[in-house]
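Peer 1: Encoded as structure tokens, here's the structure I'll be asking about.
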Amino acid sequence: MSGVALLGAHGPWVEEHLGEVREAADASWDHGASDVVRVTCAGGSAFLKRHRDRRKFDQERAAYADWCPGLEAAATLLAATEAPGPALLVDAVPGVPLAQLTSLSVDTERAHWSRAGAFLAALHALPHEDEDELCLPDAWSRRAEAWVRRAGSTITREEADEVLSLTSAPWPETAELPRRVPCHRDFTPRNWIVTEGSLAVIDFEHARPDWALVDLARALEEIPEGRDDLVDALWAGYGADRAALEAFLPRVLAAQAIAKIAWAREHGDARFERSGRELLRRACP
């Protein structure tokens, strides 16, 4: 299928908002819970994102409607519909995903990672009242237990015990308990759309209130070993007490590693499983 036919039953809805469709191209990710079509219309370019998972549709629509208007560096929701199926129409911000660029200068790359950190700081600072009675360290301990069960024989008993010991460790009496803040929860360079001097963030289908470390950990795990300059740039852009937050990063990284390994094995994604095992090695050296 190609061209305008890719829009299917959503074609009239897209044209209602953007005018006559001139071109359409598949822009979906592998293993996605949605399909994405880039459309060029009389009124400009946008992305049609059709969700298969209702929860992710609700999360993304809410994030674009409630959080993104307060963020300068986020894509804009143009329209949302539930018929003929859950779908979003999001503006096509200028640029390409940072993950696709392989020949950037060191200074330019550092600048983008600093901008990513600044975006996270702005996102996490948006108003949110955390009314969940389960504190975040306990919630993450439970998540780790669930992922370990789901991973089953994919990991060794020793690996499972090490992760559970780390994620269930008592919270230090001298440390303040973290509270949930607005989080992107898939904050990686493939979702950062950049030009030479700008960065904008897309893809909020995983977004919901969570531990700020979730976003920081997700970004940090994408940095190759030896690129401490990018680690420093992200933290510099974020501007928080780095030492205080880094002390608890292994708890989040360990749980995320097991989640990646289990998901990758379920979906037959060898590359993603290798990434999860490398993350587990870094979280539990």
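Peer 1: For the range 65-72, check the following and say yes or no: at least one residue is under 23 Å from the mean Cα position of the chain (by Cα), part of a strand (DSSP E or B), farther than 28 Å from Ala264 by Cβ and of a type in the set (A, V, I, L, M).
Peer 2: Here is the first cut: in the range 65-72, the ones under 23 Å from the mean Cα position of the chain (by Cα) are 65-72.
Checking which are part of a strand (DSSP E or B) leaves us with none.
No, that holds for no residue.
Peer 1: If you don't mind, there's one more thing I want to ask. For residues in the range 43-66 being in contact with a helix residue (DSSP H, G or I) (Cβ under 7 Å, 6 or more places away or on another chain) and at negative phi, which is surrounded by the most Cβ atoms within 10 Å (Cβ to Cβ)? Write out each step before concluding.
Peer 2: To start, the set of residues in the range 43-66 that are in contact with a helix residue (DSSP H, G or I) (Cβ under 7 Å, 6 or more places away or on another chain) comprises 43-44, 46, 48, 50-51.
Those left that are additionally at negative phi: 43, 46, 48, 50-51.
On the way: Gly43: 13, Ala46: 23, Leu48: 27, Arg50: 20, His51: 22.
This residue is Leu48.
Peer 1: Tell me the residue from Leu166, Leu220, Leu213 that is touching a Cys at 6+ places or on another chain (Cβ under 7 Å), closer than 30 Å to Glu131 by Cβ and aliphatic (A, V, I, L, M), please. If you could, list the steps in order and put the result at the bottom.
Peer 2: Values: Leu220 fails: touching a Cys at 6+ places or on another chain (Cβ under 7 Å); Leu213 fails: touching a Cys at 6+ places or on another chain (Cβ under 7 Å).
The conditions single out Leu166.
Peer 1: Please find, among Leu71, Leu98, Leu104, the residue that is closer than 17 Å to Trp192 by Cβ, modelled with pLDDT of 95 or more and out of contact with any Asp or Glu (no Cβ under 9 Å at 6 or more places or on another chain).
Peer 2: Working: Leu98 fails: out of contact with any Asp or Glu (no Cβ under 9 Å at 6 or more places or on another chain); Leu104 fails: modelled with pLDDT of 95 or more.
Step by step, each of Leu71, Leu98, Leu104 is checked, and only Leu71 is closer than 17 Å to Trp192 by Cβ, modelled with pLDDT of 95 or more and out of contact with any Asp or Glu (no Cβ under 9 Å at 6 or more places or on another chain).
Peer 1: Still on this structure, please answer the following. Inspect the range 238-246 for any residue being free of Cβ contacts under 8 Å to residues at least 40 places away in the same chain and among the aliphatic types (A, V, I, L, M) and give the result as yes or no. Break it down into steps so the answer makes sense when it comes.
Peer 2: As a first pass, look at the range 238-246 and keep what is free of Cβ contacts under 8 Å to residues at least 40 places away in the same chain: 241-243, 245-246.
Still in the running and among the aliphatic types (A, V, I, L, M): 243, 245.
There is at least one residue in the range 238-246 that is free of Cβ contacts under 8 Å to residues at least 40 places away in the same chain and among the aliphatic types (A, V, I, L, M).
Peer 1: Based on this model, can you work out whether Arg282 counts as touching a Ser or Thr at 6+ places or on another chain (Cβ under 6 Å), part of a helix (DSSP H, G or I) and not aromatic (Phe, Trp, Tyr)?
Peer 2: Values: touching a Ser or Thr at 6+ places or on another chain (Cβ under 6 Å): no; part of a helix (DSSP H, G or I): yes; not aromatic (Phe, Trp, Tyr): yes.
Considered against the rule, which asks whether it is touching a Ser or Thr at 6+ places or on another chain (Cβ under 6 Å), part of a helix (DSSP H, G or I) and not aromatic (Phe, Trp, Tyr), Arg282 comes out as no.
Peer 1: I'd like the full set of residues that are under 30 Å from Gly95 (Cβ atoms) and assigned to a loop (DSSP other than H, G, I, E, B), limited to the range 179-190.
Peer 2: Restricting attention to the range 179-190, the residues satisfying the condition of being under 30 Å from Gly95 (Cβ atoms) are 181-190.
Of everything in the range 179-190, those that are under 30 Å from Gly95 (Cβ atoms) and assigned to a loop (DSSP other than H, G, I, E, B) turn out to be His184, Arg185, Asp186, Phe187, Thr188.
Peer 1: Identify the residue in the range 94-122 that is within 28 Å of His17 (Cα to Cα) and within 17 Å of the chain's Cα centre (by Cα) and, among all such residues, is surrounded by the most Cβ atoms within 10 Å (Cβ to Cβ). It would help to see each step written out before you state the result.
Peer 2: At the first step, the residues of the range 94-122 found to be within 28 Å of His17 (Cα to Cα) are 94-97.
Next, from what is left, pick out any that are within 17 Å of the chain's Cα centre (by Cα): 96-97.
Working: Val96: 11, Pro97: 15.
In this case the residue turns out to be Pro97.
Peer 1: Would you pick out the residues in the range 234-249 that are closer than 21 Å to Glu145 by Cα and assigned to a helix (DSSP H, G or I)?
Peer 2: Within the range 234-249, Leu249 is the sole residue that qualifies.
Peer 1: Separate question: If the requirement is being over 16 Å from Val201 (Cβ atoms) and touching a residue at least 60 places away in the same chain (Cβ under 8 Å), which of these qualifies: Thr102, Thr108, Thr40?
Peer 2: On the way: Thr102 fails: touching a residue at least 60 places away in the same chain (Cβ under 8 Å); Thr40 fails: touching a residue at least 60 places away in the same chain (Cβ under 8 Å).
When all the criteria are applied, what remains is Thr108.
Peer 1: Counting only residues that are assigned to a loop (DSSP other than H, G, I, E, B) and among the small types (Gly, Ala, Ser), which one in the range 126-178 is surrounded by the most Cβ atoms within 10 Å (Cβ to Cβ)?
Peer 2: Among them, the one singled out is Ser168.
Peer 1: Before we move on, is Ser153 touching a residue at least 24 places away in the same chain (Cβ under 8 Å), among the polar types (S, T, N, Q) and under 20 Å from Ala262 (Cα atoms)?
Peer 2: Values: touching a residue at least 24 places away in the same chain (Cβ under 8 Å): no; among the polar types (S, T, N, Q): yes; under 20 Å from Ala262 (Cα atoms): yes.
Taking the combined requirement at face value, the residue does not satisfy it.
Peer 1: Among Trp211, Trp192, Trp235, which is touching a residue at least 24 places away in the same chain (Cβ under 8 Å) and in contact with a His (Cβ under 8 Å, 6 or more places away or on another chain)? Talk me through it step by step, then tell me what you get.
Peer 2: Details: Trp211 fails: in contact with a His (Cβ under 8 Å, 6 or more places away or on another chain); Trp235 fails: in contact with a His (Cβ under 8 Å, 6 or more places away or on another chain).
On inspection, the qualifying residue turns out to be Trp192.
Peer 1: Of the residues Val194, Val231, Val252, which single one is under 16 Å from Ala118 (Cβ atoms), among the β-branched types (Val, Ile, Thr), part of a helix (DSSP H, G or I) and in the same structural domain as Asp130 (by TED's automatic domain parsing)? Break it down stepwise before answering.
Peer 2: Working: Val194 fails: part of a helix (DSSP H, G or I); Val252 fails: under 16 Å from Ala118 (Cβ atoms).
None of the other options fit; the residue is Val231.
Peer 1: Spot the failing condition for Arg251; the list is (1) crowded, with 22+ Cβ neighbours inside 10 Å; (2) within 15 Å of the chain's Cα centre (by Cα), and only one is missed.
Peer 2: (2)
Peer 1: Which one of these does Pro12 not meet: (1) assigned to a helix (DSSP H, G or I); (2) crowded, with 17+ Cβ neighbours inside 10 Å?
Peer 2: Unmet for Pro12, out of (1) assigned to a helix (DSSP H, G or I); (2) crowded, with 17+ Cβ neighbours inside 10 Å: (2).
The values are calculated or read from the model by the stated rules, or taken from the named source; none is laboratory data. All values reported here derive from a predicted model rather than from experimental measurement. A quick note on method: Cβ atoms are made from the backbone with ideal geometry, for glycine too, and the neighbour counts reach across all protein chains shown.
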